[in-house]
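**Q** One structure follows; several queries about it will come next.
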Amino acid sequence: MAEKKEKKATKKKKAVKPDFYIQYGDKEIAAKDITERIKEIWTKEMENDLGDLKELQIYIKPEEDAAYFVINAEIKGSFGL
């Protein structure tokens, strides 16, 4: 019995990863889809290694139907939603 209690005590709680969606007008887009698109741009279009993506800021502008991003505090880009 004591062994079972020790196992429970040592288990770490998993962090909750929420699903995040942007809804505007008649559209809905998942934040993870935007992030995946930026990773695709970074690796396929810009021909970089995913491991070189260290920092990422994302700005959603529903009125422009666009997502803007800044990678590693210097590389800027955008795409339509």
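All of the numbers you see were taken from the coordinates with simple rules; none came from a lab. Note that the structure is a prediction, hence the values are computed from the model and not measured. FYI the Cβ positions are ideal-geometry reconstructions off the backbone, even for glycines, and counts take in every protein chain you see.
**Q** In the range 50-81, what residues are more than 19 Å from residue 27 (Cβ to Cβ), more than 14 Å from the chain's Cα centre (by Cα) and outside any strand (DSSP E or B)?
**A** Residues satisfying the conditions are 51, 52, 72, 73, 74.
**Q** Anything in the range 24-38 that is assigned to a helix (DSSP H, G or I) and either among the aliphatic types (A, V, I, L, M) or touching a residue at least 24 places away in the same chain (Cβ under 8 Å) (or both)? List them, or say none. Show your work before the answer.
**A** Kept after step one, since they are assigned to a helix (DSSP H, G or I), are these residues of the range 24-38: 31-38.
Listed by number, the residues that qualify are 31, 34, 37, 38.
**Q** Now, a different point. Looking only at the range 22-32, decide whether some residue is touching a helix residue (DSSP H, G or I) at 6+ places or on another chain (Cβ under 6 Å) and of a type outside the set (Ser, Thr, Tyr). Don't jump to the end; show me each part of the working.
**A** Let us first name the residues in the range 22-32 that are touching a helix residue (DSSP H, G or I) at 6+ places or on another chain (Cβ under 6 Å), namely 24.
Restricting the remaining residues to those that are of a type outside the set (Ser, Thr, Tyr) gives none.
Scanning the range 22-32, I find no residue that is touching a helix residue (DSSP H, G or I) at 6+ places or on another chain (Cβ under 6 Å) and of a type outside the set (Ser, Thr, Tyr), so the answer is no.
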